[in-house]
Each structure stands twice: as structure tokens, then as C-alpha cells.
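Below is one structure, written out as C-alpha cells; the observations come after it.
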Amino acid sequence: MRTKRIIIPIILILCVMLTSGCLVQDNTAPVVSQIPVVEATPTPVPTANTGYPETIIQWMIPFGAGTNIDDWNRAIGNAFVEQLDWRVMYTNISGGLSGSTGTYKVYHSRHDGYMYVGMSERSLTIPIYVQGELTSKNWIYFIAGGTPMVLCSSRDVGLETLNEFILAARNGEDKLVIASWGSGLGAALPYYFVTEGGINFTLKSYDTEDQALAAALNAEVDGIIAPAYIVAGAVTEGRLIPLAVMDDKDLTNHSFYAKTIPSIRTEVPELPAEGLEALKELRGFAIPADTSPDIVLAIQDGFLKLKDNETFNKYINSVYGTMYLYSNDEARERVELSEQYLCWILSDMSKGGYTPEYVGIERPY
């Protein structure tokens, strides 16, 4: 009995300690296994290939010899030869709508940075004229420049300023007639001017720029919108009057007319500036988008040196052009904008057999 009296109190004490948490606990912090942290290796920043070019550059011009696009491309390439001692071989591959034959040939060749394709804004309309999936996203562009588009009227029409021309268009009983031509910028820009400017013009279409120019000179139409190098001779002779430049800014850097040529938006502010920016002449070249970055940077370095090339600057002055030197993201953004406007405007005009949305080109307006 005495033993039981001793054991029972001990058991009771232990129970109290368990329920009150008074047992001695091991407060030692648990051991956490240490996993070594491995820092990510930074992606190396590409640098220009200083040995480029190691061989001859094949320069494919997808339009006929002697055309304005051909002249621009040879002027760029000759500047590379003169200033950088690059070796260049030109090949004209005309054929296919919008220069598609030569363009596709370059894309289906090796993407090693040694084959360029000459390009213009006309090249950007390939998606609506030729079945396929090539768009501006498949290329890296180098845009050297372009010539401003100018609205002119024959002196025989009797409208000598932009203000007179626009007032006659707004208030006249008969619609003024604007010439358009071809199936590229010569068609798209007049159509955009007529449909988006809020003025009731009539468009008259011609197959070629020469036919449209002849119609303007003979006052068969009231106005023509064409590159400055097309109309400069007639302006100098006094047969055409330059009324406006199809740009958001006035044209002052020219030699074929004594006065400043005002921006079309001074009298037609309804015409969106973005559309005018998109509907400009573009001249340059392109390489496939998956070309090695070190080669792309080497080409870009050489391309930007055109700014200081005297021969190239003389050529630009001879066509009353503007030097752009767009490359990298700037070239891509501008080309994509031009592609959107050109393809959708021409599609709205029922030109081309394929809709822009077929290849994922978004409507910009």
C-alpha cells in the first residue's frame, strides 16, 4: 500500500506537466540543408563582326536596270565600295508583282549576310499581290532615304497656290480631278488624300507615272501627286506648279523651285499626319531576319557611314531626296507602318488578290 501511495502522486505530477507544456523541450534550431546558389550566366551582348565582309556581297535588285529603285541601290552599294572597300556584285531580277521574284529568291537563299535584296515601299505590297507568307517581319531593313511626293498642277489649270486649289475643290461646282498611277504608292497616296482629306475630288487612274505626268502637263487632270524627281523638270520649265508636299512639314531643301513648298496639312489639316508619314517613298535594302547578329551589326556600322560619303550625298541631291539612314528598331517600325497603310489602302481599292489580314497585317486606320 505504501508503494502505491508513492507511485500515484508521481503519475499525477507527470500528467500535470504534460498538459501544461512544462516538459523540457529541445529548443535547438532545426538544421536546414544549404543549397548553393548558382548565378545565371549573362547572355553575351553581340558585337559587330570586324572581319565582315570576307567575300563578295551579292546584291539582288528585284526591278529592272535603270529604274529609280535600281539607281538608289547601286548608289548605296557603290558608296560601300568607295568608302569601306567592300566588294559588291549587282544582279537585276525583274519579274513578279512588286519585285516578288527577286525578293523570294533572296529569302530562299542562304541567310549568311552576303545576299542583300534591294527594297522600296513597293516591296511592302508583296503580301497582297503574291500568295505566300512573307511580310516585313521576315526581314531586317536598312532605309537610306527617299524623295518627297509633291502635289502639282498644270499652269493651264489656273490654280497657282495650294489655297486656291483647295478652295476650288471645296467650293467648285465641278470636282477637281487628281491623277493616280500604277498599283503602289502612286495609287495609294492619291486615294488616301481624296478619301481622308474631307475634300470631294475625283481620281483618274493611269497605268504608268509617265502617262499620269503627261495628263497633268496637258491639263487633262487638275493635279498629280508624284515624286519630286518626276515633276522637277516640268516645274523648272514652268509647266507645272508645285502646290504642296505630301508631308507634315514644308519642303525647303530643294533646287527645282525658288519658293518653299508648303505642307499639304496647312490647308488640309484633316489629313492625318501618321498616314502621310507612312505613305512616303522608301529606298534601301534588306536581309533575312534570322541573319547572325554580329553580321547585322557590321552591316549597320557600314550603313551609317553613308552620311559622310560625298558621292552618295551628291546622288541624293540629284533626285531631290532626303537621307533617312533608318536601321534597327526605327527601320522596323517605319516599314511596318508603311506596310500596313499601303496594303490596306490598295486592298480597299480592290487591288491585289489577297487581303492583308491573310498574313496578319493589321488595319492602321
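Observations, loosely collected:
- Meets criteria (small (Gly, Ala, Ser) and in contact with a Leu (Cβ under 9 Å, 6 or more places away or on another chain)) for residue 158: no
- With respect to the conditions (1) surrounded by 16 or more Cβ atoms within 10 Å (Cβ to Cβ); (2) in contact with a Ser or Thr (Cβ under 8 Å, 6 or more places away or on another chain); (3) of a type outside the set (Phe, Trp, Tyr), residue 64 falls short on a single one, namely (1).
- Test: residue in region 111-126 that is at pLDDT 95 or above, more than 30 Å from residue 253 (Cα to Cα) and in a helix (DSSP H, G or I): yes
- Number of the exception - residue 277 against (1) surrounded by fewer than 21 Cβ atoms within 10 Å (Cβ to Cβ); (2) more than 30 Å from residue 107 (Cα to Cα): (2)
- Among the residues of this structure, residue 59 does not count as one that is in a loop (DSSP other than H, G, I, E, B) and among the aromatic types (Phe, Trp, Tyr).
Table: residues versus (1) on the phi < 0 side of the Ramachandran plot; (2) crowded, with 17+ Cβ neighbours inside 10 Å; (3) over 20 Å from the mean Cα position of the chain (by Cα).
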{"residue": "286", "(1), (2), (3)": "yes, yes, no"}
{"residue": "295", "(1), (2), (3)": "yes, yes, yes"}
{"residue": "308", "(1), (2), (3)": "yes, no, yes"}
{"residue": "316", "(1), (2), (3)": "yes, yes, no"}
{"residue": "320", "(1), (2), (3)": "no, yes, yes"}
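- Every residue from region 84-112 that is within 20 Å of the chain's Cα centre (by Cα) and not β-branched (Val, Ile, Thr): 97, 98, 99, 100, 102, 104, 107
- Residue match in region 320-331 (condition: in a helix (DSSP H, G or I), among the aliphatic types (A, V, I, L, M) and at pLDDT 95 or above): yes
Rundown of residues vs (1) in the same structural domain as residue 104 (by TED's automatic domain parsing); (2) within 30 Å of residue 112 (Cβ to Cβ); (3) touching a helix residue (DSSP H, G or I) at 6+ places or on another chain (Cβ under 6 Å); (4) in contact (Cβ under 8 Å) with a residue 24 or more places away in the chain, yes/no style:
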residue: 258; (1), (2), (3), (4): no, no, no, no
residue: 264; (1), (2), (3), (4): no, no, no, yes
residue: 268; (1), (2), (3), (4): no, no, no, yes
residue: 273; (1), (2), (3), (4): no, no, no, yes
residue: 285; (1), (2), (3), (4): yes, yes, no, yes
residue: 302; (1), (2), (3), (4): yes, yes, yes, yes
residue: 330; (1), (2), (3), (4): yes, yes, no, no
residue: 346; (1), (2), (3), (4): yes, no, yes, yes
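- Lone qualifier among 200, 218 - being outside the structural domain of residue 123 (by TED's automatic domain parsing), out of contact with any helix residue (DSSP H, G or I) (no Cβ under 6 Å at 6 or more places or on another chain) and at pLDDT below 95: 200
- Checked against the criterion of being under 25 Å from residue 253 (Cβ atoms), surrounded by fewer than 20 Cβ atoms within 10 Å (Cβ to Cβ) and out of contact with any Leu (no Cβ under 9 Å at 6 or more places or on another chain), the candidates 330, 357 yield just one match: 330.
The values are calculated or read from the model by the stated rules, or taken from the named source; none is laboratory data. Fair warning: this is a prediction, and the values are worked out from it, not measured in the lab. Heads up, the Cβs are rebuilt from the backbone with ideal geometry, glycines too, and the neighbour counts pull from every protein chain shown.
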